[in-house]
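The values are calculated or read from the model by the stated rules, or taken from the named source; none is laboratory data. As the structure is a prediction and not an experimental result, all values here were calculated from the model. Here the Cβ is made from the backbone with ideal geometry for all residues, glycine too, and neighbour counts use every protein chain on show. To get the accessible areas, we keep the full protein, side chains included, count just its heavy atoms, and leave off ligands, DNA and RNA. Shrake-Rupley method; radii C 1.70, N 1.55, O 1.52, S 1.80 Å.
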Amino acid sequence: MTEVHIRSIAKSFGPVPVLHDITTQFAPGSFTSLLGPSGSGKTTLLRIVAGFVTPDRGAVTIGTRDVTAVPVWGRNIGMMFQSYALFPHMSVARNIAFGLERRGIRGAEARALVDQALEMVRLTGFGARSPKELSGGQQQRVALARALVIKPSVLLLDEPLSALDRRLRQDMQVELLRIQRETGLTTIFVTHDQEEALTLSDRIAILDRGRIVQSGKPAEIYERPQTRFAAEFLGDSNFLTGTVEQGGVRLADGTLVQSAHPLPAPGAKATLAIRPEKLQVSTTAPNRLTARIVTVIYAGPVLSYLLETLDGTRLKLFQANRDGTILAQGATITLGWSPEHAIPVAE
Amino acid sequence: MRLGHIFLGAVLVFLYTPILVLMAMGFNASPLYQLPFQFSTRWYGDLMGNEGLLTAGFNSIVLGVITALVATTLGTLAALALNRHSFRGRSLLQLLLLPPIAIPWLITGTAMLIFFFWTGIGRGMHALVIGHVALAVPYVVLVVGTGLKTIRTDLEEAAMSLGSTPVHAFFAVTLPLLFPSILGAALFAFAVSLDQFVVSYFLSSPGYVTLPVQIYSAIRKGFTPEINAISTLLLLGSMSVILIFARFARPQSPGASK
Ligand SMILES: Nc1ncnc2c1ncn2[C@@H]1O[C@H](COP(=O)(O)OP(=O)(O)OP(=O)(O)O)[C@@H](O)[C@H]1O
Ligand SMILES: [Mg+2]
């Protein structure tokens, strides 16, 4: 179990700054997801930890060792690529033994370790095959075995599951998590799939335009997003803007929305984020808004409604499909929510 | 599908019939392609006594091998530099490599002759080596470059993440995957050299002549089926080399692991 530290990392490609002053820490044995939109710098940050990209400023520490000046091949990392990157001219076993060979482990000892790695990814007996003779999911497991067998200090994964179909991806998520727990490897996982980030991680770091805008436990970020971006990127959100007044936020239409959370000073502009599933049809809740149903989306277990208030504010409502009743399009309903669920966020 | 087969068949017939006729006539007793066919190895016997043709054939093969080795090495390095590294003037260099393929050999040959004369390089074997290598390198860059494009760079990165230095990653991963392309490029370079007449004609010296040049001057004096004989030998030689290499290269296919 190794800790990874990143201190004041900055990187530009030519004149374009890609990462600005990133400082963060990956706890020993933790599973962290780097989550962010395309181009936010996730891959660049991961490749800086791996050693493929040299940062312009800042330092990377793996364990107690400052590796900023150490090239990739001296860092003892395990890396998984989106394209699997298995060596097509080598058998599965030779693929897995590649890193062992580089460490001077050969012969019977290497064979035993390869078998052990194959067993860990549930591919016992596949050693003699060529990567071409494996399915996408199996290739992915071989890539994982190859990365694990060298007992790396840290496991780095760049969207390793994005090429798999949905079912296979879910299976691999479970597998990955099991193996990560078994090995206790500090893991950094790049994804732009929020669901994947939520289900897999101990910690999520949200990147936006080269900055970590928020990091924390999945539930923490989901329940208490600090910025509009975080609220929008991780999950869905409704936003209500107004002016702080009498311990609440006064909207343009005069409604005073209560929040159980600390608000900016009275008179200041404020934005409240409310998760669509925290809204309910209610005429008694402390916070209420009347809105008309514009669109009904039936998605099986969940019903989504797109609504519009009188002054044109768009809202989303998610309801569990508990008894099969569907609210009618065009109906006007009153939505209610608790002050607990009105989260002030920075713009 | 059927139509495709017919076309392919027609192409093969047009390509191979003249060659087969040539081979057969090397074994025909008549010096004037007269039928009926009468088997004879007379022309092969004569060939063994024809110092000029034999030496020229030997020269052509040696020149072809040297050209293949030098051009493949230089061209492969150039292809690697052009595809895997960025440096100033890269796109210009890449652009400049292609026109020589399209420039008529007569023009290239004349230009080389003038240039070699002017710089004192002169004519002879060394001039032929330089000329042939220069002609073959663009083909090698093209063939190897195309092969290189099918090898994903993340394979080398994967090797490095497992502890390979870039040099080791190249030899353990990229080179084996590139091997069929390099082999193909070498054969190409060999063929360019072996086929070359115009440039060779200009650059050969009286003491060092290649087979096409020798055949040309022999034909001018009068055709003899010895030429069929040496052509047959040469053809069989280079075809078996190609077939052997093709067999060698088959089990390795370049490309991503998917
Ligand atoms: N080698 C490079 N040269 C120039 N620009 C680069 C290079 N690598 C990345 N960039 C730029 O840096 C920015 C961040 O790229 P990065 O690949 O880190 O994004 P990402 O968050 O991984 O995106 P995605 O989700 O699409 O993979 C992008 O604008 C990209 O164009
Ligand atoms: Mg990326």
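Scan A:Glu182, A:Glu195 and give me the residue that is without any contact (Cβ under 8 Å) to a residue 12 or more places away in the chain and away from ligand 2 (no atom under 16 Å from the Cβ).
Values: A:Glu182 fails: without any contact (Cβ under 8 Å) to a residue 12 or more places away in the chain.
Exactly one of A:Glu182, A:Glu195 is without any contact (Cβ under 8 Å) to a residue 12 or more places away in the chain and away from ligand 2 (no atom under 16 Å from the Cβ), namely A:Glu195.
Does A:Leu34 qualify as being within 12 Å of ligand 1 (Cβ to nearest atom) and buried (at least 22 other Cβ atoms within 10 Å of the Cβ)?
yes
Would it be correct to say that B:Gln214 is open to solvent by 30 Å² or more (accessible area, probe 1.4 Å) and polar (S, T, N, Q)?
yes
What single numbered condition from (1) within 12 Å of ligand 1 (Cβ to nearest atom); (2) β-branched (Val, Ile, Thr); (3) open to solvent by 10 Å² or more (accessible area, probe 1.4 Å) fails to hold for A:Thr23?
Unmet for A:Thr23, out of (1) within 12 Å of ligand 1 (Cβ to nearest atom); (2) β-branched (Val, Ile, Thr); (3) open to solvent by 10 Å² or more (accessible area, probe 1.4 Å): (1).
Go through segment B:76-95 and report how many residues are without any contact (Cβ under 8 Å) to a residue 24 or more places away in the chain and either outside any helix (DSSP H, G or I) or within 21 Å of the chain's Cα centre (by Cα) (or both).
Of the residues in segment B:76-95, 6 are without any contact (Cβ under 8 Å) to a residue 24 or more places away in the chain and either outside any helix (DSSP H, G or I) or within 21 Å of the chain's Cα centre (by Cα) (or both).
Of all residues being under 26 Å from the mean Cα position of the chain (by Cα) and among the aliphatic types (A, V, I, L, M) in segment A:307-347, which is farthest from A:Phe239 (Cα to Cα)? Just the residue, please.
Going through the qualifying residues, I end up with A:Ala320.
Out of all the residues in segment A:47-68, which are charged (D, E, K, R) and within 13 Å of ligand 2 (Cβ to nearest atom)?
Of everything in segment A:47-68, just one residue is charged (D, E, K, R) and within 13 Å of ligand 2 (Cβ to nearest atom), namely A:Arg47.
Out of (1) in a helix (DSSP H, G or I); (2) over 11 Å from A:Leu234 (Cβ atoms), the odd one out for A:Leu207 is which?
With respect to (1) in a helix (DSSP H, G or I); (2) over 11 Å from A:Leu234 (Cβ atoms), A:Leu207 is out only on (1).
Hey, any hits in segment B:49-70 for a residue that's at pLDDT 80 or above and open to solvent by 80 Å² or more (accessible area, probe 1.4 Å)?
Checked against the condition, which is being at pLDDT 80 or above and open to solvent by 80 Å² or more (accessible area, probe 1.4 Å), segment B:49-70 yields at least one hit.
Per-residue answers, yes or no, for (1) away from ligand 2 (no atom under 16 Å from the Cβ); (2) in a loop (DSSP other than H, G, I, E, B):
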{"position": "A:Met1", "(1), (2)": "yes, yes"}
{"position": "A:Ser8", "(1), (2)": "yes, no"}
{"position": "A:Asp21", "(1), (2)": "yes, no"}
{"position": "A:Leu45", "(1), (2)": "no, no"}
{"position": "A:Val70", "(1), (2)": "yes, yes"}
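Which ranges mark the helices (runs of 4 or more DSSP H) fully within segment B:117-208 that have 3 or more residues being on the phi < 0 side of the Ramachandran plot, buried (at least 20 other Cβ atoms within 10 Å of the Cβ) and free of Cβ contacts under 8 Å to residues at least 60 places away in the same chain?
It comes to B:153-161.
Spot the failing condition for A:Val67; the list is (1) of a type in the set (A, V, I, L, M); (2) within 14 Å of another protein chain (Cβ to nearest Cβ); (3) open to solvent by 50 Å² or more (accessible area, probe 1.4 Å), and only one is missed.
Tallying (1) of a type in the set (A, V, I, L, M); (2) within 14 Å of another protein chain (Cβ to nearest Cβ); (3) open to solvent by 50 Å² or more (accessible area, probe 1.4 Å), A:Val67 fails exactly one: (3).
Determine if segment A:85-99 includes at least one residue that is hydroxyl-bearing (Ser, Thr, Tyr) and either away from ligand 2 (no atom under 16 Å from the Cβ) or over 28 Å from A:His192 (Cβ atoms) (or both).
There is at least one residue in segment A:85-99 that is hydroxyl-bearing (Ser, Thr, Tyr) and either away from ligand 2 (no atom under 16 Å from the Cβ) or over 28 Å from A:His192 (Cβ atoms) (or both).
In segment A:139-168, what residues are part of a helix (DSSP H, G or I) and either within 16 Å of ligand 2 (Cβ to nearest atom) or buried (at least 19 other Cβ atoms within 10 Å of the Cβ) (or both)?
Of segment A:139-168, the ones part of a helix (DSSP H, G or I) are A:139-148, A:166-168.
Matches in segment A:139-168: A:Gln139, A:Gln140, A:Arg141, A:Val142, A:Ala143, A:Leu144, A:Ala145, A:Arg146, A:Ala147, A:Leu148.
Taking A:Tyr84 and the conditions (1) part of a helix (DSSP H, G or I); (2) within 13 Å of chain B (Cβ to nearest Cβ); (3) within 29 Å of the chain's Cα centre (by Cα), which numbered condition does it fall short on, given that it satisfies the others?
A:Tyr84 satisfies all of (1) part of a helix (DSSP H, G or I); (2) within 13 Å of chain B (Cβ to nearest Cβ); (3) within 29 Å of the chain's Cα centre (by Cα) except (1).
Looking at A:Phe126, A:Phe98, can you tell me which residue is touching a Lys or Arg at 6+ places or on another chain (Cβ under 8 Å) and touching a residue at least 24 places away in the same chain (Cβ under 8 Å)? Explain how you work it out, then say what you get.
On the way: A:Phe126 fails: touching a Lys or Arg at 6+ places or on another chain (Cβ under 8 Å).
Sole residue among the options that is touching a Lys or Arg at 6+ places or on another chain (Cβ under 8 Å) and touching a residue at least 24 places away in the same chain (Cβ under 8 Å): A:Phe98.
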